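Everything below concerns the one structure shown next.
The values are calculated or read from the model by the stated rules, or taken from the named source; none is laboratory data. What you see is a predicted model, and the numbers here were worked out from it, not measured in a lab. FYI the Cβ positions are ideal-geometry reconstructions off the backbone, even for glycines, and counts take in every protein chain you see.
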Amino acid sequence: MAVPPAPRSSYRPYLLMFILNLAIVAGILYLLRRETPRPVIVTQPSPRSAVTTDALPASQITVIVGGAVNQPGTLTLGNNARLADALQGAGGVRSDADLSRFDLTRALKQGETINIPARPSNSPVANNLVSNTPDVPNLTPAHVSPVNLNTASLEQLVSLPGIGPALAQRILDHRAANGPFKSIESLKDVRGIGDAVLDGLKQLVTVE
């Protein structure tokens, strides 16, 4: 006699358990195969490699000029400026200024204070760096011997009318680079000296 088939409902619990086990195994395999996340590493720049604006070279400097100058105050100059440039920017020095202890070619520093002392009224003139102001007469042949362009110092050149410290330095630089001046007219080869300046110098300078 044939055995009747079991009803389908009796297999459902086994089928559900099988599906549940399969899902668990699949989940475990997924977790095992998933890549472990890499930690995020944040690096800070080295303090030594950081460049601040304070370390960058400045194109200008500020100095304070006071004392026996015509226009004392704060000046803004190029970072390669020298003492002669500062005095020129301050309108030149007064007739009683004492420059005997100063090097006019000295390079200036940021924030530097320059104080030009004045000589006592009974002291002889110790320098010739005097600007062309109404109370300071221009030099003439009757006052001083002609200045030799090939041996003159910076102070001697600045004493000439129309020649400031910066222009006097350019004359010295031109002489050092090109040799002695051949004639007074060759001064026009120096940048900043034109016919008007040269005409005022012809009676005051010589070439030897």
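Thr113 satisfies every condition listed in (1) β-branched (Val, Ile, Thr); (2) modelled with pLDDT under 85; (3) in contact with a strand residue (DSSP E or B) (Cβ under 7 Å, 6 or more places away or on another chain) except (2). Select, from Ala118, Ala126, the only residue that is modelled with pLDDT of 80 or more and either touching a Phe, Trp or Tyr at 6+ places or on another chain (Cβ under 8 Å) or aliphatic (A, V, I, L, M) (or both). Among Ala118, Ala126, only Ala118 is modelled with pLDDT of 80 or more and either touching a Phe, Trp or Tyr at 6+ places or on another chain (Cβ under 8 Å) or aliphatic (A, V, I, L, M) (or both). From the list Pro161, Pro180, the lone residue that is in a loop (DSSP other than H, G, I, E, B) and over 27 Å from Leu77 (Cβ atoms) is Pro180.
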